[in-house]
Amino acid sequence: MDLGLGIRKALAKFTGASIVDEVAVKELVKDLQRALITSDVNVKLVFELTKKIEKRALEEKKHQAVDLRSHIVKIVYDELVAVLGEAYAPNVEKKQRILLCGLFGVGKTTTIAKLARFYQKHGLKVGVIAGDIHRPAAVEQLQQLSEQVKFTVFADKKLSAKELAEKGSVALDHSDVIIFDSAGRSAFDSELANELRDINAEFKPTSTFLVVSADLGQVAGKQASEFKENANITGVIITKMDGSGKGGGALSSVAVSQSRVAFIGTGEKPDALETFSPDKFVSRLVGAPDLQELLTRVREATDENDLAKAMSTGELDYESFLAQMRSMKKMGPLKQVMQMMGVYDIPEEFIVKSEDKLKNFENIVGSMTKNERKDTKLIKNASRQERVAKGAGVKLEDVRELIKNFENASKMMKGLQGNKSLMRKMSGKMNLPKGMDISKLMQGMK
Ligand code: GDP
Ligand code: MG
């Protein structure tokens with residue numbers, strides 16, 4: 001199971017509990033531990049983290065305006081962010097010299113193209129020294145990449161790494177940023193340490209990035225420590241964050257090794273590079289831009305009077321359907337709200353995306369007679385549809401679309417009402433007013 005899903009489920013279970021007490025907090029802590037450990041996060045770190053969460057959740061006084069559930073969810077979020085270290089503020093000044101090191105195949109050369117693009121976006125000219133003297137096709141790989149992302153390559157297969165550093169620095173002196181692509185090894189050894197020392201002496205990098213790949217899991221942290229002891233590593237770049245579910249493992253263990261995560265690579269293309277921000281990373285992990293904001297928005301949307309009225313009427317008709325569509329529109333990224341609560345299969349199309357469409361639907365419902373809005377069979381009649389379309393100033397297709405959406409929503413509601421336990425859970429989670437339940441809320445999503 002991936003880490004994000006595990007954390008979301010743990011939080012969903014907690015926010016859905018009928019009583020928030022010490023038992024519920026301990027249960028949450030246990031669920032988080034399980035999610036983190038099965039995702040390969042360093043065990044020691046997991047226990048430190050969850051101990052802190054438990055202590056804060058049980059002891060810390062919450063702000064009056066916040067309910068207890070949101071308060072504790074916020075603690076979890078904050079502690080996850082804190083554990084991942086600091087956000088990286090990249091240096092985008094001129095006259096930089098960057099050395100990239102790391103073992104075979106971790107993505108050094110690919111990352112160089114990404115960095116080149118990154119610095120170019122900041123208006124800097126980039127030159128690269130092809131310093132991987134051990135891999136036969138290394139120079140060609142760089143040259144290919146330089147056609148995609150325009151950077152200058154300095155290569156000479158006859159030179160040693162040390163000579164390349166020396167001559168390359170001179171040849172690329174016109175560049176704002178010079179990057180040295182060093183050779184890897186299958187493991188850190190003295191030969192590599194010597195080579196790095198030579199390169200350092202000649203190239204005098206202003207930053208040295210160690211590249212590790214996310215699919216290493218916790219080994220990424222071990223590598224970071226080894227390299228740190230032998231080279232002057234200023235930051236770690238974790239690649240292949242797109243590829244495996246173990247991103248959390250690599251990231252956390254690198255943080256534990258007291259190394260600073262600078263960038264993360266999220267794909268093979270030159271654009272797939274992000275400056276590391278723990279905030280952003282955790283947001284993505286738990287599937288919400290900002291948990292606190294999300295919780296607030298859910299509450300606001302469900303407090304809406306028109307929605308509350310529609311809910312209490314029970315059976316879905318065109319008036320309540322419209323009211324709910326309006327509320328859903330206000331609620332924002334509904335899919336994320338639902339995911340946070342443990343419902344993962346909401347199709348995107350369930351939300352009225354544009355204001356125009358909503359306006360159209362409003363006009364259509366406005367052109368129906370009172371009877372047509374309440375007795376929803378009536379509008380299936382073709383001549384009524386034509387009349388309504390004309391009255392609303394819309395196309396007949398628009399009327400039919402609304403009817404189809406309405407019918408799907410009704411069907412979905414009936415399906416959900418069969419699922420008593422889900423409904424109970426969901427109602428609890430959303431803190432819905434009495435008499436309101438999620439199935440009715442979901443009618444509005446089509
Ligand atoms: P190097 O030996 O460290 O220079 O590694 P390379 O740059 O040659 O990359 C090795 C392989 O990893 C290549 O197939 C790359 O396309 C792939 N790769 C590198 N970074 C990423 C990444 O962020 N995501 C994915 N999916 N693949 C990557
Ligand atoms: Mg390479």
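Coordinate-derived values only; no laboratory data. No experiment lies behind these values; they were computed from the predicted model shown. Cβ coordinates were reconstructed from backbone atoms using ideal geometry, including for glycine residues, and neighbour counts include every protein chain displayed.
A few remarks follow.
- Database remark: amide H of ARG97 closer than 5 angstrom to the amide H of ILE178, THR206, SER207 (H placed geometrically; neighbours at sequence offset of 5 or more, or on other chains; Pro and chain starts carry no H).
- Phi-derived couplings, Karplus 6.51 cos²θ - 1.76 cosθ + 1.60 at θ = phi - 60°, listed residue by residue for the stretch 125-130: 8, 10, x, 10, 9, 7 Hz, with x used for Gly and Pro.
- Listed residue pairs exceeding 26 Å between alpha carbons, taken from LYS108/LYS158; LYS158/LYS240; LYS359/LYS404: LYS158/LYS240
- Using bins of 5 Å that start at zero, the share of Cα-Cα pairs per bin across the stretch 157-264 amounts to 2, 12, 21, 20, 18, 13, 9, 4, 0, in whole %.
- Computed over the stretch 1-85, Kirkwood Rh from alpha-carbon pairs, angstrom: 12.9
- Length gained when the stretch ARG135-ALA82 is fully extended (0.36 nm per residue, less Cα-Cα span): 15.1 nm
- In the stretch 51-155 the Cα-Cα distances spread across 5 Å bins starting at 0 as 2, 10, 16, 14, 10, 7, 6, 7, 9, 9, 6, 4, 1, 0 percent of all pairs.
- PHE154 long-range amide H proximity, modeled H, under 5 Å: VAL128, ILE129, ALA130
- Order by protection proxy (mean Cβ within 10 Å, highest first), peptides 219-231, 151-163: 219-231, 151-163
- Cα-Cα over 29 Å, subset of LYS95/LYS157; LYS94/LYS167; LYS9/LYS357: LYS9/LYS357
- With the convex hull of the Cα atoms taken as the outline of the stretch 120-217, the averaged projected area works out to 7.2 nm².
- Built amide H within the under 5 Å cut-off of ALA183, gap 5+: ILE133
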